[in-house]
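Each value in this text was obtained by applying a stated rule to the coordinates, not by laboratory testing. Being a predicted model, the structure only gives us computed values, none of them experimental. Glycine gets a Cβ as well: all are built from the backbone with ideal geometry, and neighbour counts include every protein chain shown.
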Amino acid sequence: MPSPSGITPPATDIVTLSLISHTNAGKTTLARTLLRRDVGEVRDAAHVTLFNESYTLIEHDARMLRLWDTPGFGDSARLLKRLLREKNPVLWFLSQTWDRITDKPLWCSQQALKNVRDEADVVLYLVNATEPPEVAAYIRPEMNILGWVGKPVLVLLNQTGPAQDPTVEDTEAQEWKDHLSEYSFVRDVIRLDAFARCWVQEDVLMETLAPLMSEPKVEPFKQLKRAWHQRNLTIFRQSSRVLSELLTAAVVDGVDVRSETLMEKVGIGRTELNKEYQDAREKLAARLADRVVSTTNRLIEIHGLEGAAARALGNLTREHFHTPQKVPEAIWSVLGSVAGGAMGGLIADLKMGGMTFGGALVGGLAAGIGAYALIKSYNLVRGNDHRLHWSREHFREQVRLAMLTYLAVSHFGRGRGEWQESAEPTHWNSVVSVVLDEHQNGIERLWKEGVEKGILPDVLSKTAQSLIYDCLSCVLVRLYPEAALDL
């Protein structure tokens with residue numbers, strides 16, 4: 001297959017992975033996520049993919065990593081019974097002519113088996129992790145069939161759901177390893193969900209594949225693995241830059257409000273000044289919400305996804321950004337359905353009139369982060385420029401929001417279709433809290449340089465980029481301790 005550049009690399013420099021599974025287990029969906037583009041057809045039906053399809057995962061210095069999406073196995077039990085009757089089962093099966101109309105399961109099984117035998121350096125065998133391994137009756141016959149071919153197999157756990165605590169995930173993977181331990185050609189089992197994977201898990205996939213390569217493919221794959229990591233690292237750095245711009249804008253943003261008179265300082269005649277403070281808070285919060293939505297959309301684009309963040313909530317903030325008693329009950333229902341946990345408690349407080357409808361609520365919801373974002377402080381402070389700025393405590397929560405927004409986008413598999421807001425795993429916030437505590441000095445330094453010292457944005461941007469890069473790196477290391485991040 002010619003590469004996108006029109007040059008076909010030498011055969012020894014093509015490394016081939018065959019993606020195979022029982023029918024309707026999500027092969028094409030995973031292929032879309034790994035390729036970062038829409039390929040094939042995705043439907044909740046058996047045998048949607050009828051022919052072997054080849055795609056280039058990455059090409060680098062005349063080396064190519066190729067992925068085959070196969071039709072998958074059909075009636076595995078019936079197929080195994082037929083094969084057991086033959087002296088050379090695989091050769092007999094592949095020499096038969098099956099009708100893809102009248103006997104689609106056997107036709108699809110034949111196409112998949114041909115591909116594994118003729119093309120694969122390593123087989124990626126996908127299983128539906130929503131089923132306990134002992135319940136998936138098709139596993140045993142399909143393992144026996146793959147065993148006859150003699151290619152190394154790496155099992156991928158798909159449809160695992162949202163990311164969970166690493167100890168929970170390790171337990172699930174171990175259950176599958178124990179179940180498949182009798183098959184020596186199954187070299188390992190890892191999680192790789194088409195809907196909720198992160199690029200760090202792709203690097204884990206590459207590290208796991210490396211020792212499975214035959215001698216002629218070791219060096220080509222080593223170079224391809226390095227190129228794959230560098231591409232992901234470039235996206236990570238771009239994301240850090242985008243988030244650093246968000247944080248820089250947060251510390252330099254301010255609103256002009258006149259100074260207090262002597263009478264106002266002792267609490268006399270503050271009505272007009274209080275109104276100015278309220279207007280300033282709403283202006284800052286509205287601008288913060290817009291920046292968060294814009295930043296999220298840029299992250300979506302950088303990660304090769306489609307769609308836009310928070311269209312409905314963005315409109316909601318602009319149209320109904322008033323005091324709580326002026327917000328219609330229907331609006332509170334919408335907000336309550338998106339939020340939860342601590343944010344739900346904040347909404348209840350807002351409905352009681354205890355606080356103004358400020359940026360903590362809007363900023364969090366606009367990015368789809370909900371309960372975690374910006375709930376600590378509404379305080380405004382006067383900066384070196386005498387304008388009102390977000391407080392130190394509020395800015396710290398904006399750093400939290402930046403990290404959680406990154407995690408939400410970087411874990412969104414393309415197989416899910418267009419970007420959409422969704423609930424984030426609760427353990428993310430716990431990990432982010434630890435990292436925030438570790439980087440407290442750096443966060444305070446950035447805030448002070450922007451608000452109290454009035455340092456120029458260009459200088460602040462470098463500090464912000466270093467801060468968010470370090471924070472995100474620490475978060476990923478904690479979430480994926482098995483990954484050789486090399487950040």
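When each of the peptides 272-279, 401-408 is scored by the mean number of other C-beta atoms lying within 10 Å of its residues, the order from highest to lowest reads 401-408, 272-279. If you take the beta carbon distance between S214 and K448 as r and set R0 to 41 Å, what does 1/(1 + (r/R0)^6) give as a FRET efficiency, to the nearest 0.05? It comes out at approximately 0.10. For V122, the residues whose modelled amide H falls within less than 5 Å of its own, excluding neighbours fewer than 5 places apart on the same chain, are T16, S18.
How far, in nm, would the chain grow between F185 and S473 when pulled straight, counting 0.36 nm per residue and subtracting the alpha carbon separation?
Between F185 and S473, full extension yields 100.2 nm more.
Using packing as a proxy for protection, rank 191-199, 172-180 so that the peptide with the highest average count of other Cβ atoms within 10 Å comes first. Don't skip to the answer; put the middle values down first.
Details: 191-199: 22.6, 172-180: 16.7.
Peptide ranking by packing, descending: 191-199, 172-180.
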